[in-house]
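Data first, discussion second: the structure below is written as structure tokens.
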Amino acid sequence: MSGIIIVGVDGSETALKAARTAADLAAGTGATLNVVTAYGNDKSEIVEIAGEEWTISNAAEAKKVAQRVAGQLSAKGVRATYTAALGKPHEVLLNEAERLGAAMIVVGNRRMQGLARVLGSVANNVAHNSPCDVYIVKTD
């Protein structure tokens, strides 16, 4: 399989574990890895630090998370790109997979136990609505 593999990250250790697995899959199949981070709102804040004004936004922070993980994985020889998008994590992953014509989405199994399994988790929502294959990494 060549093409694109999508993986969602949020800065957590469990998401990084899923990203490493996605990188292994991409390296083994010749795919490009697209690291995706979702953010819930487009809130921006201007702060003053040492006499200079800085704009801090959720979008920028999300982009930094995706960029950092993509950089770590690229350093290991994987072709990796990154994206940050506004929306719920499962919706962002599904939209990116559809937009890019991805071959696979990789997600972790975090929060797939107990009540979260009934109410829906990112992995559960992606698995049931994906336009492509889904690989669920055991991250707990």
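The values are calculated or read from the model by the stated rules, or taken from the named source; none is laboratory data. Since this is a predicted model, take the numbers as computed values, not measurements. Reconstructed Cβ throughout: ideal geometry from the backbone, glycine too, with neighbour counts over all protein chains shown.
Search region 5-23 for residues that are of a type in the set (Ser, Thr, Tyr) and pair each with any residue that is not in a loop (DSSP other than H, G, I, E, B) when their beta-carbon atoms are under 9 Å apart and the residues are at least 6 apart or on different chains.
Filtered contacts from region 5-23: Ser12/Gly108; Thr14/Gly108; Thr14/Val137; Thr21/Val7; Thr21/Val106; Thr21/Gly108; Thr21/Tyr135; Thr21/Val137.
Among the residues of region 80-90, is any at pLDDT 90 or above, farther than 25 Å from His128 by Cα and buried (at least 21 other Cβ atoms within 10 Å of the Cβ)?
yes
Out of region 95-140, which residues are on the phi < 0 side of the Ramachandran plot, at pLDDT 95 or above, assigned to a loop (DSSP other than H, G, I, E, B) and surrounded by fewer than 21 Cβ atoms within 10 Å (Cβ to Cβ)?
Ala103, Ser130, Pro131, Cys132
If I filter region 1-39 down to residues being over 16 Å from His90 (Cα atoms) and of a type in the set (D, E, K, R), which single residue comes out as surrounded by the fewest Cβ atoms within 10 Å (Cβ to Cβ)?
The extreme case among them is Glu13.
Taking Glu61, is it assigned to a helix (DSSP H, G or I), under 25 Å from Ser121 (Cβ atoms) and modelled with pLDDT of 90 or more?
Considered against the rule, which asks whether it is assigned to a helix (DSSP H, G or I), under 25 Å from Ser121 (Cβ atoms) and modelled with pLDDT of 90 or more, Glu61 comes out as no.
Sort out which residues of region 66-77 are in contact (Cβ under 8 Å) with a residue 40 or more places away in the chain and either touching a Cys at 6+ places or on another chain (Cβ under 6 Å) or surrounded by 23 or more Cβ atoms within 10 Å (Cβ to Cβ) (or both), and write them in order of number.
Within region 66-77, Ala66, Val69, Leu73 qualify.
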